[in-house]
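Working notes for the structure below.
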Amino acid sequence: MRVGGLVPLSTTDYPEHLSAVVFCQGCPWRCAYCHNPHLLPRRGRTEIPWTDVVAFLERRRGLLDAVVFSGGEPTLQPALPDAVRAVKAMGFKTGLHTAGIHPERLAAVLPLVDWVGMDIKTEFHRYRSVTGVPGSGERARRSMELVLESGVPYEFRTTVHPALLSFEILDRVADTLAATRHDTHAVWRLGGTG
C-alpha cells in the first residue's frame, strides 16, 4: 500500500462512526477542485509505511469503530483488498471513498467493505470537463451501478463548483442520485467549494 496520509480520528468520513482515514497515494483524474492534490502522483514525497499504519491501528482497537480508505483513488492500489481484509481481521468496520475510476477493481473490493462513499462529479456525459480524462463518465456510471448492485450501504455525493457545475446541471445530477435511492442504506450529499 502506498499511503500518502493518515487521519487518526474522524467523525465525518464514515457516517455515525469514529474512524481513522488512510489516504492512498495516486489518482489519474485531474479535477480542478481536488482538495488532496499532493495525493495525485502515484508516488508521494512522503509516504507512510503500511506496517506503521497497522501498528497505529493495533493501538486503536476498541477506540475506533472503522477505517476508511480514501485518496487519491484507493482502487489504484493493487494491495487494497489485502489491506481491507487485514483491517477487518483487526475488528474494524471498513469504508471506501472512491470516484469510481476503476470499475473492475471496485467490483473486487466491494464484497470486503461495509460502506462506500462515491463522488459523482457531474452528469456522466460531462465528466471529461471535470476530470480531464476521456471515458471517465462511463467508468463512473459503471461503478455507480456496481455499488447499487452490491447491497453495501453507500453515499453518493457531489462537490458543487460554480465554474464547473451550473445550477441546471446540479439539479439533473441531484435527480439522478435521488432516483438511485431505492433502499434505506442510500444517502446522497452535496458539498461545496468556495
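Points worth noting:
- Considering only beta bridges that DSSP places wholly inside the range 3-192, some 20 percent are antiparallel.
- Taking the square roots of five times each eigenvalue of the Cα gyration tensor of the chain, the equivalent ellipsoid has semi-axes of 27, 19, 15 Å, listed largest first.
- Amide hydrogen neighbours beyond the local backbone of LEU6, cut-off 5 Å, H modeled: PHE23
- Dipole magnitude of the range 97-166 about its Cα centre (Cβ charges: Lys, Arg +1; Asp, Glu -1), debye to nearest 20: 280 debye
- Residue of VAL133, VAL173, VAL113 that the Gaussian network model of the chain assigns the largest fluctuation, springs spanning Cα pairs under 10 Å: VAL133
- Centre separation in Å (Cα based) which lies between the range 1-58 and the range 68-94: 11 Å
- Sequence-distant residues sharing a close amide H with VAL116 (under 5 Å, placed H): LEU96, TYR154, GLU155
- Residue with peak Gaussian network fluctuation, the chain [Cα springs, cutoff 10 Å], from ILE101, ILE169, ILE48: ILE169
- Long-range amide H partners of GLY71 with built H, under 5 Å: CYS24
Taken together, the values in this text are just the output of simple stated rules run on the coordinates, not laboratory data. Since this is a predicted model, take the numbers as computed values, not measurements. Please note: Cβ atoms are built from the backbone with ideal geometry, for glycine as well, and neighbour counts cover all protein chains shown.
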